[in-house]
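None of the figures in this text is laboratory data; all of them are computed from the coordinates on show. In this text, all values refer to a predicted model and were calculated from it rather than measured experimentally. No Cβ is skipped: glycine too gets one built from the backbone with ideal geometry, and neighbour counts run over all protein chains shown.
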Amino acid sequence: MRLNAYLARAGVTSRRGADELIRAGRVKVNGVRAELHTPVAPGDAVTLDGRPLTTQALRHVLLHKPAGVVATVRDPERRPTVLQLVPGEPRVVPVGRLDVGTTGALLLTNDGDLAFRLMHPRYEVEKLYVADVRGRPTEEALRRLAEGVELDDGRTAPARVRKLGPNRIELVLHEGRKRQVRRMCEAVGHRIVRLHRPVYAGIGLGPLPPGEWRDLSAAEVAHLRRLVGL
């Protein structure tokens, strides 16, 4: 197992955060300072700052993220985070991002391999958004959104777009750039008033209320693993 995946499964941090801990020299395997490429085999002793670590049972959670909550492990501005809404052990970390004002489906897990692949662009995991916008989007605006628009970090990939009402549109993306949906809509002249993600990777919220969470079923976990080739 890769060391960063081991640390993520131990509930320490995300894979990216694990890489930072390893680079800082805080992780040892069998008493030797670890490198990013250091593997972990059964029976190896892994420590963080001298504290022994063990992997935990895998946990997969779906949260209905409310507005005003940050989808990170911790926040320097001390705003409430999604981890405060999902207590208990083993500890989980969010998969991907939803900005503070966006509501909807957010996966949290300590399954490092699955989380890594769900977030990797190679696997083109779909996210479905519903956006209420200012103004009435024209067919031309919808076409531009579907074909891709130029943003400051490059052109967006093609998306599936449809109009749900005079001021409401649905977008299905497989990219995950920062504030991407908001920036896309602004690029075609429609500022988002409300943004909601009811479905992530084919897993829907259903009747789950805002601020509540549930464990994924075995079938849902199997679906996610098939989706990314695990």
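Would you work out if region 3-53 is rounded, prolate or oblate? Take a ≥ b ≥ c from the square roots of the eigenvalues of the alpha-carbon gyration tensor; rounded if a/c is under 1.5, else prolate when a/b is larger than b/c, oblate otherwise.
Numbers: a/c = 1.35, a/b = 1.19, b/c = 1.13.
Taking the square roots of the gyration eigenvalues as a ≥ b ≥ c, region 3-53 is rounded.
How far apart, in nanometres, would the label points at D75 and Y123 be if each is projected 7 angstrom from Cα along the Cα-to-Cβ direction?
2.7
Let me have the 222 nm mean residue ellipticity of the chain computed from DSSP H runs of 4+ only, each contributing -39500 (n - 2.57), with the sum over all residues rounded to the nearest 500. It would help to have the intermediate numbers written out before the result.
On the way: 6 runs with 51 residues, N = 230.
Mean residue ellipticity, 222 nm, calculated: -6000 deg cm²/dmol.
I need the Debye-formula profile for the chain: one equal scatterer per C-alpha, no solvent, reported as log10 I(q)/I(0) at q = 0.10, 0.11, 0.18 1/Å, two decimals.
Log-scaled intensity ratios, in q order: -0.51, -0.61, -1.31.
I'd like the trypsin sites (Lys or Arg not before Pro) in region 91-186 restricted to DSSP loop residues with at most 14 other Cβ atoms within 10 Å, sorted by number.
Values: sites: R91, R97, R117, R122, K127, R134, R143, R144, R155, R160, R162, K163, R168, R177, K178, R179, R182, R183; in loops: R91, R97, R134, R177, K178, R179.
Answer in residue order: R134, K178.
By how many nm would the segment from A222 to N30 lengthen if fully extended, with 0.36 nm per residue of separation less the alpha-carbon distance?
Numbers: separation 192, 0.36 × 192 = 69.12 nm, distance 3.34 nm.
Difference between extended and current length: 65.8 nm.
Please report the net charge: other residues with Cβ closer than 13 Å to the Cβ of E186, K and R +1, D and E -1.
Details: positive: R134, R144, R179, R182, R183, R191; negative: E150, D152.
Around E186, the surrounding residues sum to +4.
Considering the options V199, N167, V181, tell which one lies farthest towards the positive end of the dipole of region 152-219, charges being +1 on Lys and Arg and -1 on Asp and Glu at the Cβ, about the Cα centre.
N167
Using alpha-carbon positions, what is the distance between the centroids of region 136-167 and region 13-81, in Å?
Each part reduced to its Cα centre gives a spacing of 37 Å.
Can you return the lysines within cross-link range of K178? Criterion is Cα-Cα under 19 Å, with same-chain partners fewer than 8 residues away left out.
K65, K127
If you wrap a convex hull around the C-alpha atoms of region 117-230 and split its volume per residue, what is the figure in Å³? List each step's numbers first, then the result.
On the way: hull volume 12.9 nm³, N = 114.
Once divided by residue count, the hull of region 117-230 is 113 Å³.
Over its Cα atoms, what ratio of radius of gyration to 2.2 N^0.38 Å does region 55-140 give?
Working: Rg = 15.1 Å, N = 86, 2.2 N^0.38 = 12.0 Å.
Normalised Rg, Cα atoms only: 1.26.
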